[in-house]
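Everything below concerns the one structure shown next.
None of the figures in this text is laboratory data; all of them are computed from the coordinates on show. Computed from a predicted structure; not experimentally measured. Cβ placement follows ideal geometry from the backbone for every residue including glycine, while neighbour counts extend to all protein chains displayed.
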């Protein structure tokens, strides 16, 4: 015991407590995955350069609505602190952000920022307050995914808005659940993780990463389902089919009847 | 034209003639033992022809339709077209049968292709028949104007008087009035036969009893995520704006039970939940509502996290999630029932009890 006693410095107790706190904090950040790993470990020079590029891109493209510190502007754009890189990736890579105007639902459009710029802004936002991260390619791979479970989960939790085949559907006051026919696996994943706009959040403990891959496999697999007749009619079921029959074929039959009557009249003249 | 479909058949008359009541109208040339007419046979109206009323004395009428077509050359061409249409219809009909055998429906894609080929071959067959018949009528058959006159629907007074007379005679001859024993036993015999189908209604199943007022949720039953069947802790469900469908543990594959017991849980930031939400039944801003719409029982789980409204996709009933799922809009008349919820000693979300009110459509309010 004496050697230890001899080595103890008067500040050693504080040092131990400080070290313990740091370890607990780092472990918490790593385990929960909500803390920014970039800030837990010292950011490399490359990461710092990316964050700096992201910051300047943010100020050019986003700050007018979300504020120069991403703190949000009341009534215009929400705070982006804590939304994470995943939210930025979803909004920017689908072209929804930067938004052209404030409207009920931001439509999907050609992205204005390239993938490199998107990742830079995502890194900048991630550095501000952490949040869900962009999934890796392996996390969104559908290899070996359980499509049947994916369908079951999709139908239980997603189909009421996005339609059972992912064709989308209307919400209230001009909002709508977009069709999922162009969404990439990473976009589907980040949408579930972050709950963009009116969509609820499906975090990793309620819908696990593996189940998210199953859902992605179902959604992307639906697209390759054949349409033997040549027309999918939006794959929204009997409503469109009935509408096409009612409006299209009924109109055709009325016109055909008029044509026959007109010819009949001529034949008697 | 409709009056050409005479009701009675000669057989009826022969069978009825055994009643043996003498005919009353002297005009008939049958013997006195045979009635001139029996109930159910056509009244002694005038003779009918296919096209218009004949005179009392039928006479040779001129042809109404020409025997020859006006343009034999055109008819000849049309004949070939019609025959071609009918051959196409025949081939399409055969193709339907062949395709039925060739395209099996054991897979989803197989069913899709089967639908396509069966639909197109049958459609083509009907189209060929229809087009062929139309061209036949319009180009091969002669074109004539025909007039059909409208006659009053009621029978003539003579017919009605004859019917009444026959009916009275029949009643008298049957002894229905004069023999009360027969009449009463006949009525007694028919009443149970008439009641029998009503008894069979019981086979529509046992009465629902209180089953519509209860679900399978019980105290301590864990909430499992639907589909993946995992129990949840409040910590698992910690993202405000989160929503997930849950089912009662032990009934996750029981569709009959889930038809009433399906529940959505929604996570709110602290302080958002307000009465009339029963706050004692929530855990850390997590509230559980029945997923069954109180209007007609659709799964109401269309949750907008921006407005915090739950919508039913069937008829747009809108419920205010943080305020007890009260109805904001739409045909539903009462809030979605809230499931009493707590955490068990292991930290999992569990039910405190069954719902305190019936879930689903408010059937008892309809009267």
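If you build the Cα gyration tensor of region A:89-135 and take the root of 5 times each eigenvalue, what three semi-axes come out, in whole angstrom, biggest first?
20, 12, 9
Can you give the Rg and Dmax of region A:43-133 based on its C-alpha atoms, in angstrom?
Cα-based Rg and Dmax for region A:43-133 come out at 12.2, 40 Å.
Over region B:202-301, consider all pairs of different Cα atoms and compute the Kirkwood hydrodynamic radius from their mean reciprocal separation; express it in Å, one decimal. Let's see the in-between values first.
On the way: mean 1/r = 0.0673 Å⁻¹.
One decimal place: 14.9 Å for the Kirkwood radius.
If I build a Gaussian network model for chain A, linking alpha-carbon pairs within less than 10 angstrom, which residue out of A:46, A:70, A:99 has the largest mean-square fluctuation?
Highest fluctuation of the listed residues: A:46.
Percent relative contact order of region A:43-133, based on C-alpha pairs within less than 8 angstrom and at least six residues apart?
Reported relative contact order: 38 percent.
How compact is region B:82-140 by the rule of thumb for globular proteins, expressed as Cα Rg over 2.2 N^0.38 Å?
Against the compact-globule rule of thumb, the ratio is 1.35.
Output the relative contact order of region B:167-309, whole-number percent, from Cα pairs under 8 angstrom with separation of 6+ residues.
Values: 137 pairs, mean separation 22.2, N = 143.
It comes to 16 percent, rounded to a whole number.
Once a ≥ b ≥ c are taken as the square roots of the eigenvalues of the Cα gyration tensor of region A:80-178, is the result rounded (a/c under 1.5), prolate (a/b larger than b/c) or oblate (a/b not larger than b/c)? Each step should come with its number before you reach the end.
Details: a/c = 2.04, a/b = 1.21, b/c = 1.68.
Oblate.
Let me confirm one metric for peptide B:259-265, namely the mean number of other chain beta-carbon atoms within 10 Å of its residues' beta-carbons. Before the final figure, lay out each step's value.
Working: counts 0, 0, 0, 1, 0, 3, 1.
Shielding by partners across B:259-265 averages 1.
Can you pull the percent of Cα pairs in region B:102-232 with separation above 24 Å?
Tail of P(r) above 24 Å: 79 percent of Cα pairs.
Using a ≥ b ≥ c from the Cα gyration tensor of region A:135-227 (square roots of the eigenvalues), is it rounded, prolate or oblate, where a/c under 1.5 gives rounded and otherwise the larger of a/b and b/c decides, a/b for prolate?
It comes out oblate by the Cα gyration axes.
Which whole number gives the average, over all residues in B:218-230, of C-beta atoms from other chains lying within 10 Å of the residue C-beta?
Partner-chain Cβ atoms within 10 Å, mean over residues of B:218-230: 3.
Let me make sure I get this right: for region B:302-367, a, b and c are the square roots of the gyration tensor eigenvalues over alpha carbons, sorted descending. Under 1.5 in a/c it's rounded, otherwise prolate if a/b > b/c, else oblate. Which is it?
Because a/c hits 1.5 or more and a/b fails to exceed b/c, region B:302-367 counts as oblate.
Computed on alpha carbon atoms, what radius of gyration and Dmax characterise the protein assembly as shown, expressed in Å?
Considering the protein assembly as shown through its Cα atoms, Rg and Dmax are 39.7, 148 Å.
State the volume of the convex hull built on the alpha-carbon positions of chain A, expressed per residue in Å³ and rounded to an integer.
In chain A, the Cα convex hull volume per residue is 211 Å³.
When a footprinting reagent is the concern and you count Cβ atoms within 10 Å, what order do B:80, B:150 take, fewest first? Spell out each step's value before the answer.
On the way: B:80 9, B:150 5.
By the 10 Å Cβ count, ascending, the order reads B:150, B:80.
So what is the calculated 222 nm ellipticity per residue for the protein assembly as shown, using -39500 (n - 2.57) for each DSSP H run with n of 4 or more, over all residues, to the nearest 500 deg cm²/dmol?
-12500 deg cm²/dmol
Which one, A:258, A:192, A:97, has the greatest fluctuation when you compute a Gaussian network model over chain A with C-alpha springs under 10 angstrom?
Fluctuation is largest for A:258.
Is there a simple number for the mean count of other chain Cβ atoms within 10 Å of the Cβ of residues in A:169-178, and what is it?
Taking the mean over all residues of the peptide, I get 3.
Sort A:152, A:232, B:211 by Cβ crowding within 10 Å, fewest neighbours at the top. If you can, show how the numbers build up before the last one.
Details: A:152 18, A:232 15, B:211 11.
Fewest-to-most ranking of A:152, A:232, B:211: B:211, A:232, A:152.
In whole percent, what relative contact order does region B:82-140 give with Cα contacts below 8 Å and a gap of six or more residues?
51
I want to verify a result. In a Gaussian network model of chain A, Cα cutoff 10 Å, which of these has the top mean-square fluctuation: A:237, A:54, A:129?
A:237
Only counting other Cβ atoms within 10 Å, I'd like B:339, B:279 sorted with the fewest neighbours first.
Least to most surrounded, the residues fall as B:279, B:339.
Determine Rg/Rh for region B:223-365; Rg is computed over alpha-carbon atoms and Rh is the Kirkwood hydrodynamic estimate from the same atoms. Could you put the intermediate results ahead of the total?
Working: Rg = 13.9 Å, Rh = 14.9 Å.
With Rg and the Kirkwood Rh in hand, the quotient comes to 0.93.
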